[in-house]
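Peer 1: Input: one structure, supplied below.
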Amino acid sequence: MSDENKTPQSDLRAAVAGEKKRTRVGIAIAIAVVAVGAIVGGVALALPALRPAEASAAGGGASKEPINVKIAVSEDSPFQDAVKKVAAEKGLNIEWVNVEDWVLPNTELAAGTVDANAFQHILYLSAFNAENDEHLTPVFSTIITQWGIFSASATSVDDIADGAKIAIPDDPSNGGRALNILEAAGLITLSDDKGDFPAVEDVTDNPKKLQFVELPATSIAQQYDDPSLAAVVVGTSYFDQSQGITTKDALFLDDSLSAQNLPYVNVIATRDDNKDDPAWDILKDVYADKRIAAANEKENQDTTVLVDVPVEKLRAKLADLEKQAAKN
């Protein structure tokens, strides 16, 4: 996950910007956190040894008592209200705990105060685990923000003139994502050993001789109308609602499910020793409900899409990212 001057309706907040450093040399992972869900409200509480439904199953009898979970998030949203309502119908009572912070959802989870959190992509989760020697793990994927190339002057990628200036984020994770998008659009070629987070020096072919203007991710959308820039590369959720910019305005829209975007997939995360809790199967089913898709579209419009990535793939990528983070 994971991340700021975005539409007031959106609960997606990209957040951490850091100094640009090359991935293979020493990436100080500055991660755009994408907030997805709300969190648990308030009282610190140790997890029970068995939930009501589990206790009944252990005793051999069926029970209609719902499972109760606390899930931490960084802010409230109507989307979470929809998740809570549908979950209750399926026998899962969710208490969202809003800690209004991008670190506490993970520290509270690690401490056992909450059962899970719903606010980050696996890149952010990997950095937290590596820096704190923790073992938080995803249980399923939720959403991913949509990114693209946007221009106030060009009507297609081909219209971008030779020598034009393109704004990209100045932090490693978002900057790397922007360069991957420019490559996918056919504007540049990156080295084969670029890794997950390519830097400008990884550009091996630049036929239009484009100039890359590195700016804080949170300010790029506001530079959209800057006449000195031919285009900007950023997530649609970064545009203010008043700008009226949507995915339909993109000269090129990134494939959210491409392999290179796996680090930016948002997840429900829990502790490793709690990953097999039956609550997560119920909650995954909730996120697959068409009413949740409708709630996401209503709140976030086309800035994010719900995704279903196999959990094994998420955990494998998390382990890979943790190794990279540990080296730096």
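The values are calculated or read from the model by the stated rules, or taken from the named source; none is laboratory data. Everything numeric in this text was worked out from a predicted model, so none of it was measured. When we count neighbours, we look across all protein chains shown, and the Cβ atoms used for this are built from the backbone with ideal geometry, even at glycine. For accessibility, only protein heavy atoms count, side chains too; no ligands or nucleic acids. Shrake-Rupley method; radii C 1.70, N 1.55, O 1.52, S 1.80 Å.
Peer 1: How far apart, in nm, are the 7 Å Cα→Cβ label points at Ser258 and Glu65?
Peer 2: Inter-label distance under the simple model: 5.0 nm.
Peer 1: Given the Cα-Cα distance of Lys248 and Lys209 and 0.36 nm per residue of separation, how much length would full extension add, in nm?
Peer 2: On the way: separation 39, 0.36 × 39 = 14.04 nm, distance 2.68 nm.
Taking Lys248 through Lys209 to full extension adds about 11.4 nm, to one decimal.
Peer 1: Need the full-extension length gain, Glu312 to Asp101, defined as separation in residues times 0.36 nm minus the C-alpha distance. One decimal, nm.
Peer 2: Full extension from Glu312 to Asp101 adds 73.1 nm.
Peer 1: Compare the peptides 307-314, 171-178, 208-215 by average per-residue count of other Cβ atoms within 10 angstrom and give them in order, highest first. Numbers along the way, then the final one.
Peer 2: Details: 307-314: 15.1, 171-178: 27.5, 208-215: 16.6.
Ranking, from highest mean packing down: 171-178, 208-215, 307-314.
Peer 1: Here's something else I'd like to know. Using a cut-off of 10 Å between beta-carbons, work out the net charge of the residues near Thr137 (Lys and Arg +1, Asp and Glu -1, Thr137 not included). Don't skip to the end; give the middle numbers.
Peer 2: Values: positive: Arg271, Lys275, Arg315; negative: Glu134, Asp272, Asp273.
Value of the local net charge: 0.
Peer 1: Another question, then. Rg and Dmax of region 272-323, Cα atoms, in Å?
Peer 2: 13.9, 38
Peer 1: Also, I was wondering about something else. Find how many whole Å separate the alpha carbon centroid of region 121-172 from the alpha carbon centroid of region 297-316.
Peer 2: 14 Å
Peer 1: Then there is this: Using a cut-off of 12 Å between beta-carbons, work out the net charge of the residues near Leu257 (Lys and Arg +1, Asp and Glu -1, Leu257 not included).
Peer 2: Values: positive: Lys313; negative: Asp254, Asp255, Asp308.
Value of the local net charge: -2.
Peer 1: Taking a probe of 1.4 Å, how large is the accessible area per residue of region 165-205, in Å²? Walk me through the numbers before you get to the answer.
Peer 2: Working: 1180 Å² over 41 residues.
Averaged over the residues of region 165-205, the accessible area is 29 Å².
Peer 1: What order, most packed first, do the peptides 107-116, 263-272 have when packing is the mean number of other Cβ atoms within 10 Å of each residue?
Peer 2: Working: 107-116: 20.9, 263-272: 24.4.
Highest-to-lowest ranking by the protection proxy: 263-272, 107-116.
Peer 1: Contact order normalised by length for region 89-189, with contacts defined as Cα pairs under 8 Å and 6 or more residues apart; what percent is it? Write out the running numbers ahead of the final one.
Peer 2: Working: 30 pairs, mean separation 14.5, N = 101.
14 percent.
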